[in-house]
Structures are given as C-alpha cells and as structure tokens.
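Have a look at the structure below before the remarks.
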C-alpha cells in the first residue's frame, strides 16, 4: 500500500517532474513541451523540473527546452537510483513520457499524467500505452492542445487522494500477476530440467 503524502491545495506551488523521451525529437516537439510547461506555470504556478532518465538524448532535449524558455525551469541530474527515488518523493506529480518514469510514479505513489506522441508518428512507442492499459489509464496524445494537457494536472492534484486510492489496488494486482507469472515460469523450467 502507498504511503500517501499531504494533499496539495490548488493554490500551493506544485512541483511537477517532467520526464521526456528525447531520441529523435524535433523543434516542434520541444516547442510543444514548452507550451505545456508554460501553461502549467501560468495556470497553477507550477515549479517545473526536468528529470532525464537517459543521460544522452533525454538530457540533451531537457537542456534544449530549458535554455529556450520564458519561465524558470530546472534540471535534476541524478547519479544513483536512490537519489532519483528520494527526489520523486519530493515532487507532487510526474508528467511522463518514459515508461520508467510512470512505473516509478506508480511504485512510489505519485500521481502522474502520461503523454505520448500520436500513434501515427514514426517515433511512437507503444510501451507506455500498453502499461497504462494494464492499469486502466490512457496516455494523452501530444497533438491535444497544450491547455488541455496542462488542464489534467490541477484536476489530478485536486483529486490526488482518489487518484492514488484507485491506482494502489491496480498496481498491487499487477504485482501479484507478475509474481504468479514468475512462479509459473520457474515451475515450468523445473519440470523441463
């Protein structure tokens, strides 16, 4: 079961962790992310912190977005997984594109908004969508207006407890299913040997 953190009132300055998948993204993509983040700052005075999961392309795209922005965005660089876990516990919500960013949010009991490229885009990655389907959630298509994407964040923060209470049993069920699959695989391997 998750340890729920304090409720975030909509007038507080929520900290939003942004986790992008940087490989192959163009200027239009970067501009789109800036629009979403700017809208979050405008709408709920969010503190935006980019969290690159991969030191190559994710770091590069995060730096590019931060350098050409109108608001004061930050970058969190982590060395050890423990640093990342500790940081996740300090933020209010993840705006994530990377599968691992969403999985970590689920495991640590953090609300999230998953974003993805349109399914017709050549760089569309179905892994996040597939994982979210197991949990009963959907990613938001980056083609949706920035105002609409940013609008999901205060909605989820205002209903944070409900979001996490619905998520918790789904994650537990997924863990149990994974455990049973591992046990079944071990049993099959023992019978083959």
Report summary line: Counting only residues that are in contact with a strand residue (DSSP E or B) (Cβ under 7 Å, 6 or more places away or on another chain) and over 24 Å from residue 161 (Cβ atoms), the stretch 84-123 contains a total of 4
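Given 41, 18, which one is touching a residue at least 60 places away in the same chain (Cβ under 8 Å), within 21 Å of residue 146 (Cα to Cα) and surrounded by 15 or more Cβ atoms within 10 Å (Cβ to Cβ)? So that I can check it myself, show each step before the final result.
Values: 41 fails: touching a residue at least 60 places away in the same chain (Cβ under 8 Å).
Exactly one of 41, 18 is touching a residue at least 60 places away in the same chain (Cβ under 8 Å), within 21 Å of residue 146 (Cα to Cα) and surrounded by 15 or more Cβ atoms within 10 Å (Cβ to Cβ), namely 18.
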Query raised in the report: Which of (1) over 14 Å from the mean Cα position of the chain (by Cα); (2) buried (at least 17 other Cβ atoms within 10 Å of the Cβ); (3) within 15 Å of residue 29 (Cβ to Cβ) is the odd one out, the single condition residue 97 does not satisfy?
Result: (1)
Report summary line: Counting only residues that are under 18 Å from the mean Cα position of the chain (by Cα), in a loop (DSSP other than H, G, I, E, B) and within 23 Å of residue 13 (Cα to Cα), the stretch 45-65 contains a total of 3
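Please determine, by comparing only the residues of the stretch 66-94 that are within 12 Å of the chain's Cα centre (by Cα) and assigned to a loop (DSSP other than H, G, I, E, B), which one is farthest from residue 52 (Cα to Cα). Full working, then the answer.
Within the stretch 66-94, the subset within 12 Å of the chain's Cα centre (by Cα) is 88, 91-94.
If we keep only those that are assigned to a loop (DSSP other than H, G, I, E, B) as well, we get 91-92.
Numbers: 91: 15, 92: 17 Å.
That would be 92.
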Report task. Determine if the stretch 73-93 includes at least one residue that is crowded, with 20+ Cβ neighbours inside 10 Å, at pLDDT 95 or above and under 22 Å from residue 26 (Cβ atoms). Result -> no
Query raised in the report: Quick one: which helices (runs of 4 or more DSSP H) sit completely within the stretch 114-193 and have at least 3 residues that are surrounded by fewer than 12 Cβ atoms within 10 Å (Cβ to Cβ) and modelled with pLDDT under 90?
Result: 160-192
**Report entry** Residue among 81, 113, 33 that alone is touching a helix residue (DSSP H, G or I) at 6+ places or on another chain (Cβ under 8 Å) and under 30 Å from residue 173 (Cα atoms)
**Finding:** 113
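The values are calculated or read from the model by the stated rules, or taken from the named source; none is laboratory data. The shown structure was predicted, so the numbers you read here are calculated from the model rather than taken from an experiment. Cβ atoms come from the backbone with ideal geometry, glycine included; neighbour counts cover every protein chain shown.
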